[in-house]
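Values quoted throughout were computed directly from the atomic coordinates according to the rules given, and no laboratory measurement underlies them. Worth saying up front: this structure is predicted, and the values here are computed from it rather than measured. Cβ atoms come from the backbone with ideal geometry, glycine included; neighbour counts cover every protein chain shown.
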Amino acid sequence: MGNIIRALVAFIPADRCQNYVVRDLQEMPLDKMVDLSGSQLRRVPVHVCSFRELVKLYLSDNHLSSLPLELGQLQNLQILALDFNNFKALPQVVCTLKELCILYLGNNKLCDLPNELSLLQNLRTLWVEANCLTQLPDVVCELSLLKTLHAGSNALRLLPGQFRHLRELRTIWLSGNQLTDFPPVLLHMPFLEVIDVDRNSIRYFPSLAHLSNLKLVIYDHNPCRNAPKVAKGVRRVGRWAEETPEPNHRKARRYALAEESQEAQASAPPPPLPSTNS
């Protein structure tokens, strides 16, 4: 019954009705956090924006497609969760929250990110997984303090060359995209610690042995014909992973030849039908 009431409240534009959702938030929470996740909201109660010392705001799993301009009053906000909503574009007001360290945008309908995102120079973690990105927006490369990027389950085919300028980046998650080649720019980022390219279409992996800080590489569920070479102590998750640090080249070759044979058989034309002439 409570969920039904919340759903009805979300449709009513009056502020006093939206305040039903935050009826217990009459003053600034002691932990400086507000969690309205899963509240069936279609708009953010403006009342929340009056808590100017707020540090964490969770709006996940609602029906939001816009944000009030009053959100810009939350200049102390460090964590903002907007994942699992209906955003087709990132509201500009988010880019005014210059203290943001963590921004969750996953599971929306984003096809791009605004250039103003570069104003978030304190951003350390960015989640944009499960959106509609066909390329990684260049503005991401301007987030100089970024340490973790979650960009899986999009439609990415490559990474921009300027991506190498993210010298603070330590982990990158690219699972479930449309990469056909291992992104060359990652070969020039020796500071990376975790690389995840699981569930793509990569057929060949270059050596990653020179990436001196690498700790984990996930390359499973790719049609690869070899395993990436890695330095001693680096964990691999994927085909031939048990053969760390060097893959068995004979085994890899046998597999590649068997795969080629299967592909040749699959692409071969069907045998001709028997003649019906006597």
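Estimated at 0.36 nm per residue, the fully extended path between GLN135 and SER50 surpasses their Cα-Cα distance by 26.9 nm. With each label modelled as a point 7 angstrom along the Cα→C-beta vector, the ASN213-LYS232 pair spans 2.2 nm. Between CYS101 and ASP35, the modelled labels are 1.8 nm apart [label points 7 Å from Cα along Cα→Cβ]. Charge tally around ILE172: other residues with Cβ under 15 Å, Lys/Arg +1 each, Asp/Glu -1 each, net +2. Neighbour counts of other Cβ atoms within 10 Å put TYR104, TYR58, TYR204 in the fewest-to-most order TYR204, TYR58, TYR104.
Applying 1/(1 + (r/R0)^6) with r as the Cβ-Cβ distance of HIS63 and THR180 and R0 = 35 angstrom yields a FRET efficiency of 0.45.
Between GLU116 and THR171, take the C-beta separation as r, use R0 = 22 Å, and let me know the FRET efficiency to the nearest 0.05. The partial results should precede the final answer.
Details: r = 25 Å, r/R0 = 1.13.
My answer for the efficiency is 0.30.
Estimated translational diffusion coefficient (Stokes-Einstein, Kirkwood radius over Cα pairs, 10 °C, 1.306 mPa s) of segment 183-224: 149 µm² per second.
The relative contact order of segment 85-179, computed from alpha carbon pairs under 8 Å that lie at least 6 residues apart in sequence, is 24 percent.
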